[in-house]
1. From the square roots a ≥ b ≥ c of the eigenvalues of the alpha-carbon gyration tensor of region 61-162, which class results: rounded (a/c under 1.5), prolate (a/b over b/c), or oblate?
2. What does a probe at Ala77 reach in region 137-158, counting residues whose amide N is under 18 Å from the point 7 Å along Cα→Cβ?
3. Take the solvent-accessible surface of the protein heavy atoms, probe 1.4 Å, and return the percent of it on region 102-192 that carbon and sulfur atoms account for.
4. What nm distance separates the two modelled labels at Glu86 and Asn138, each placed 7 Å from Cα along Cα→Cβ?
5. Can you give the accessible area of Thr180, probe radius 1.4 Å, in Å² rounded to 10?
6. Between Lys12 and Tyr153, with labels modelled 7 Å along Cα→Cβ, what's the label distance in nm to one decimal, could you check?
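The values are calculated or read from the model by the stated rules, or taken from the named source; none is laboratory data. Keep in mind it's a predicted model, so treat the numbers as computed, not measured. Reconstructed Cβ throughout: ideal geometry from the backbone, glycine too, with neighbour counts over all protein chains shown. Heavy atoms of the whole protein, side chains included, go into the accessibility calculation; ligands, DNA and RNA do not. Shrake-Rupley method; radii C 1.70, N 1.55, O 1.52, S 1.80 Å.
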Amino acid sequence: MNIGERITTLRKEKDISQAELAKRLSVSRQAVSKWENGGGYPEITLLPALSEIFGVSVDYLLEEITISQAVYNEMKAAGSSGIGLEPGERLTVESLLYALMLRSDGIAASELARYLAGSEEDFVELMNQKAEKMGLSNTHFENPHGLDAENHYSTAYDLAILSRYAMNNPLFAQIVSTKTVKIGERCIVTPIGR
């Protein structure tokens, strides 16, 4: 059931307020209002997965991040490809999440890590804590973008557990099954959209 269907179903309950609806769906009241007024609100579909791991509210998905020259230079030097993000470009957290999840964009990964945890190092620490909590004993992260590093490793088994965990959230599954998405001025077509 997508978020719109969930809102419609819960709205059928007698005398449920927007505040209560937002609380039950773990979204902002503004998100519910926008959806109910026909504006849609695709970014709320990201909230459950983000809230569970990082405590990010839907309001943060609309925040803009400026691509830094330092991150751009680091990722270009490492040979990271993606969607062609440029220094000085401003994109929402939501757009960077799509770039990361659908095109493995290293610049997006680094900028999101800095935004969510304050630094890439602190984000990596959060990732390793999550891996340990999940029992991924053959996984260790050294960076947020997945580029090769000496102590950055996992096994097919651990990745299967991690994937199953992520895919248990139907809304997360919806995101990773996106066929096309507009990010800035780019229209990204994923391999499943071809």
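1. Values: a/c = 1.96, a/b = 1.68, b/c = 1.17.
It is prolate, given that a/c is not under 1.5 and a/b is the larger ratio.
2. Of the residues in region 137-158, 143-150 have backbone N under 18 Å from the label point off Ala77.
3. Details: 2750 of 5250 Å².
Summing carbon and sulfur atoms, their accessible area is 53 percent of the total for region 102-192.
4. Output for this residue pair reads 4.4 nm.
5. Counting only protein heavy atoms, the figure is 80 Å².
6. Modelled inter-label distance: 5.3 nm.
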